[in-house]
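J.: Have a look at this one before I ask anything.
The values are calculated or read from the model by the stated rules, or taken from the named source; none is laboratory data. Small disclaimer: the values here were computed from a predicted structure and weren't measured. Here the Cβ is made from the backbone with ideal geometry for all residues, glycine too, and neighbour counts use every protein chain on show. When the accessible area is computed, the model is the full protein with side chains, heavy atoms only, and any ligands, DNA or RNA have been set aside. Shrake-Rupley method; radii C 1.70, N 1.55, O 1.52, S 1.80 Å.
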Amino acid sequence: MIESADRSMIQHQQLLDLKNTIKKVYHQVPFYQEKFLEHHIAPHDIQTLEDIRKLPFTTKKDLRDQYPFGLFAVKQDELIRLHASSGTSGKPTVVGYTKQDIADWSSIVARAIETAGGRPGDILQNAYGYGLFTGGLGLHYGGEELGVVVIPISGGNTERQINLIEDLKPTIICSTPSYALNIGEKMRELGLDPRKSSLKIGIFGAEPWSEEMRSKLEELFDIRACDIYGLSEVVGPGVAIECYEAQNGLHIAEDHFFVEVINPETLEPVPEGEEGELVFTSLKKEALPIIRYRSGDIASITTEKCICGRTSARMSRIKGRIDDMLILRGVNVFPSEIEHHLIQIKEIVPHYQIYLHRISSLDEAHLHVEIKEEIYKEVSQNLEHPMIKTLQAEIYRKLKSNCLVSMKIIIHPPKHIPRSEGKAIRIVDQRLQKQNS
Ligand code: DLL
């Protein structure tokens, strides 16, 4: 019912839940109380959804400073699970769940799988990593809640993934898009046709990917590929998902999360449809309610009704994280934009990495790509071949004219770029290493 509810009803419920959450954090989390007092805000100041803007933001740094349990709103005996995100620098962030939180998250993910086309009776191969990462257990509990048969294989062990696809005939695969690509490629190497597998639906997320990558994966496996989004600080996977019918924007679980889009510099809200940083407030969470969390993720939001009939606000595909935006000679570009153009080049495979170097105090980006096996044979394994030089120039020109960036293009033989088994590493920043050495 909530998925097709009138927007005014959704907002009415959001306001009630928001007020409760604010009251709760004010009384139960000293960190929030102090911050609210600093901003001269008390729970009764929140009377409309717009009033949320009076509240201060929460950042990843706040979570790190309060490591491990400083932002928790319940006593330890009410917790039943912890997860953590590894974080590239400093301490990880730890997130916690009560029994009710796990039940809510499971139903959020169950709904997400159903939105992507999953139904009881489906077999779901869950190739997201199990463990502290929320992907594995998040999809696992959601799948069970929906009543699909979950294969808890976790990430990695690609040949085993393939054996299970062949033997158990799953209809749904869940993984990062980069890992799905890796699995499909490996199937072909083993002489199997991924298009003839039992798979019908891919639920891919946890990393930025492009529309071109979707086409590639849908073509590779003959499946429908839906984008799933989430972040551990907010709950994990399931915060938003594309529907099977439209694949046009990710439906946000607005009964659980209130989303704002802000300009990351001015911190002011941006108009509907414009890109900005997503900011989330949880509406029902018990263990770790989160207020105006700056996700660092760039996307836009629309509240137009979707053709699938759902009325929830939809977010666009994530363009990237603010931290991952490359600034090259004054031009801003996200790896996903580069990927979009790169995948259209038929001589190379869709694996790539961007190395950042500092040369004579200027930042340079080197784009490492890999040519297809058949092209490598065609040039007699000679990367100095004029055909390769032409290809290099073509990639350079394509990125220059579409993304306005100049990148040195380095073409490698097949299987050179590391294959991902989880979140792909797209950017390798060697600038600091150079400076320090
Ligand atoms: O990646 C949760 C997840 C698991 C989502 C499985 C989807 C599927 P974290 O490890 O905390 O949680 O990383 C969260 O990953 O802030 C985004 O930058 C990125 N991210 C997640 N989903 C997407 C997506 C999980 N669909 C961070 N598109 C987020 C682009 C995504 N980026």
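J.: Would you mind telling me which numbered condition in (1) closer than 15 Å to Phe57 by Cα; (2) part of a helix (DSSP H, G or I); (3) not basic (Lys, Arg) Asp17 fails?
T.: (1)
J.: I need the full set of residues from the range 193-236 which are among the small types (Gly, Ala, Ser) and either within 16 Å of the ligand (Cβ to nearest atom) or outside any loop (DSSP other than H, G, I, E, B) (or both), in order please.
T.: Gly202, Gly205, Ala206, Ser210, Ser215, Ala225, Gly230, Ser232, Gly236 - these are the residues of the range 193-236 that are among the small types (Gly, Ala, Ser) and either within 16 Å of the ligand (Cβ to nearest atom) or outside any loop (DSSP other than H, G, I, E, B) (or both).
J.: Does Leu37 meet the test of being free of Cβ contacts under 8 Å to residues at least 12 places away in the same chain and either acidic (Asp, Glu) or over 29 Å from Arg310 (Cβ atoms) (or both)?
T.: yes
J.: Another question, if that's okay. Any chance you could count how many residues in the range 149-181 are touching a Leu at 6+ places or on another chain (Cβ under 8 Å), closer than 17 Å to Ala116 by Cβ and open to solvent by less than 10 Å² (accessible area, probe 1.4 Å)?
T.: 6
J.: Determine if the range 145-157 includes at least one residue that is touching a Lys or Arg at 6+ places or on another chain (Cβ under 9 Å), not aliphatic (A, V, I, L, M) and not in a helix (DSSP H, G or I).
T.: Yes, the range 145-157 has at least one match.
J.: Okay, next question. When the range 252-281 is examined, which residues are found to be within 19 Å of Thr134 (Cβ to Cβ) and either open to solvent by 10 Å² or more (accessible area, probe 1.4 Å) or over 18 Å from the mean Cα position of the chain (by Cα) (or both)?
T.: Selection gives His256, Val259.
J.: Would you please list the contacts, defined by Cβ atoms under 8 Å and residues six or more apart or on different chains, that run from a residue in the range 8-27 that is open to solvent by less than 80 Å² (accessible area, probe 1.4 Å) to a residue that is of a type in the set (Lys, Arg)?
T.: What qualifies is Asp17/Lys284; Thr21/Lys284; Thr21/Lys285.
Okay, residues lined up against (1) under 20 Å from Lys346 (Cα atoms); (2) surrounded by fewer than 19 Cβ atoms within 10 Å (Cβ to Cβ); (3) modelled with pLDDT of 95 or more:
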{"site": "Leu190", "(1), (2), (3)": "no, yes, yes"}
{"site": "Phe204", "(1), (2), (3)": "no, no, yes"}
{"site": "Ser210", "(1), (2), (3)": "yes, no, yes"}
{"site": "Met213", "(1), (2), (3)": "yes, no, yes"}
{"site": "Lys216", "(1), (2), (3)": "yes, no, yes"}
{"site": "Phe221", "(1), (2), (3)": "yes, no, yes"}
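J.: Same structure, new question: Among the strands (runs of 3 or more DSSP E) lying completely within the range 332-437, list those that include at least 3 residues that are touching a helix residue (DSSP H, G or I) at 6+ places or on another chain (Cβ under 7 Å) and at pLDDT 95 or above.
T.: On the way: elements: 348-359, 362-371, 408-412, 427-429.
In the range 332-437, 348-359 are the strands (runs of 3 or more DSSP E) which contain 3 or more residues that are touching a helix residue (DSSP H, G or I) at 6+ places or on another chain (Cβ under 7 Å) and at pLDDT 95 or above.
J.: Does Leu137 satisfy the criteria of being part of a helix (DSSP H, G or I), open to solvent by 10 Å² or more (accessible area, probe 1.4 Å) and not acidic (Asp, Glu)? Break it down into steps so the answer makes sense when it comes.
T.: Details: part of a helix (DSSP H, G or I): yes; open to solvent by 10 Å² or more (accessible area, probe 1.4 Å): yes; not acidic (Asp, Glu): yes.
Considered against the rule, which asks whether it is part of a helix (DSSP H, G or I), open to solvent by 10 Å² or more (accessible area, probe 1.4 Å) and not acidic (Asp, Glu), Leu137 comes out as yes.
J.: Do any residues in the range 273-297 that are under 17 Å from Phe334 (Cβ atoms) have Cβ atoms under 7 Å from those of residues that are charged (D, E, K, R) and in a loop (DSSP other than H, G, I, E, B), where the two are at least six apart or on different chains, and which pairs are they?
T.: Glu275/Lys319
J.: Just checking, does the range 181-190 include any residue being within 16 Å of the ligand (Cβ to nearest atom) and within 22 Å of Asn248 (Cβ to Cβ)?
T.: no
J.: May I pose another question? Please identify the pairs in which a residue from the range 167-178 that is at pLDDT 95 or above has its Cβ atom under 7 Å from the Cβ atom of a residue that is in a helix (DSSP H, G or I) and open to solvent by 10 Å² or more (accessible area, probe 1.4 Å), counting only partners at least 6 apart or on another chain.
T.: Partner pairs satisfying both residue conditions: none exist.
J.: Among the numbered criteria (1) away from the ligand (no atom under 13 Å from the Cβ); (2) closer than 21 Å to Glu218 by Cα; (3) among the β-branched types (Val, Ile, Thr), which single criterion is violated by Ile359?
T.: (2)
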